[in-house]
Amino acid sequence: GKNKVLKNGVFKITSGLLSTKSGITIKSDGAVILAGSPNIIMLTVKGKNSLVSIELNGNNKAAGGVLIQGAECTVKNSKITNIYGSNQTAYGIKSQTSEGILIEDNTIISIKGTKNGKLGDNIGASRAILVTSKEAASKQNIVRNNTISGVTGEEGDAIQFLFNNGSSPFLNAQG
């Protein structure tokens, strides 16, 4: 069906979850998804127009919470905690599309990255929310009413918009 609801309990995953269908709802109702392996991205959403409302605990192992690659998705009322990037970027929610995202009313706590002493290489970078694309945004990107704390690492940002194709320093992010 179009709605995936995980109810009550703690569910340990050893590899990331993937959703490729468009127009679905992924929701946890009293359930927590717990990372059991290092460096995983806990949930990747590739389908467009999807809604994510989920509780993820990275267990200081997962490098990423929610990765959105589908157009016009929403991440709302999610709780993401204990994300740890070992020799890579750590993030709670990452939108990697030029076709719009709504990220609102989420709680993101404890996003950490390892330090390597080289600023700007993304190793050790920590982002609670990262909205990025290699193309200029064609639809609006909205980030609002989120609660964020404990973002630490060599480079720590609560919210970062970065639209860069490698030749133009900054592209239109439509934020």
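Just wondering, is there one or more residues in the stretch 66-81 that are in contact with a strand residue (DSSP E or B) (Cβ under 8 Å, 6 or more places away or on another chain), at pLDDT below 95 and open to solvent by less than 20 Å² (accessible area, probe 1.4 Å)? The answer is no, given that none of the residues of the stretch 66-81 is in contact with a strand residue (DSSP E or B) (Cβ under 8 Å, 6 or more places away or on another chain), at pLDDT below 95 and open to solvent by less than 20 Å² (accessible area, probe 1.4 Å). When THR89, THR114 are checked against the criterion of being at pLDDT below 95, over 15 Å from the mean Cα position of the chain (by Cα) and open to solvent by 10 Å² or more (accessible area, probe 1.4 Å), a single residue qualifies: THR114. The set of residues from the stretch 117-140 being without any contact (Cβ under 8 Å) to a residue 40 or more places away in the chain, more than 16 Å from the chain's Cα centre (by Cα) and over 19 Å from LYS61 (Cβ atoms) comprises GLY117, LYS118, LEU119, GLY120, ASP121, LYS134, GLU135, ALA136, ALA137. Considering the stretch 41-53, the residues that are assigned to a loop (DSSP other than H, G, I, E, B), open to solvent by 20 Å² or more (accessible area, probe 1.4 Å) and not polar (S, T, N, Q) include one that is farthest from SER86 (Cα to Cα), namely LYS48.
Within the stretch 2-18, the only residue that satisfies the criterion of being open to solvent by 100 Å² or more (accessible area, probe 1.4 Å) and either in a loop (DSSP other than H, G, I, E, B) or among the small types (Gly, Ala, Ser) (or both) is LYS2. Applying the criterion of being within 16 Å of GLU72 (Cβ to Cβ) and assigned to a loop (DSSP other than H, G, I, E, B) to the residues of the stretch 137-158, the residue that is least open to solvent (accessible area, probe 1.4 Å) is ALA137.
The values are calculated or read from the model by the stated rules, or taken from the named source; none is laboratory data. Remember, it's a predicted structure, so these values are computed and weren't measured experimentally. Using ideal geometry, Cβ is built from the backbone for each residue, glycine included, and neighbour counts are taken over all protein chains shown. The area values use the complete protein model at the heavy-atom level, side chains included, leaving out ligands, DNA and RNA. Shrake-Rupley method; radii C 1.70, N 1.55, O 1.52, S 1.80 Å.
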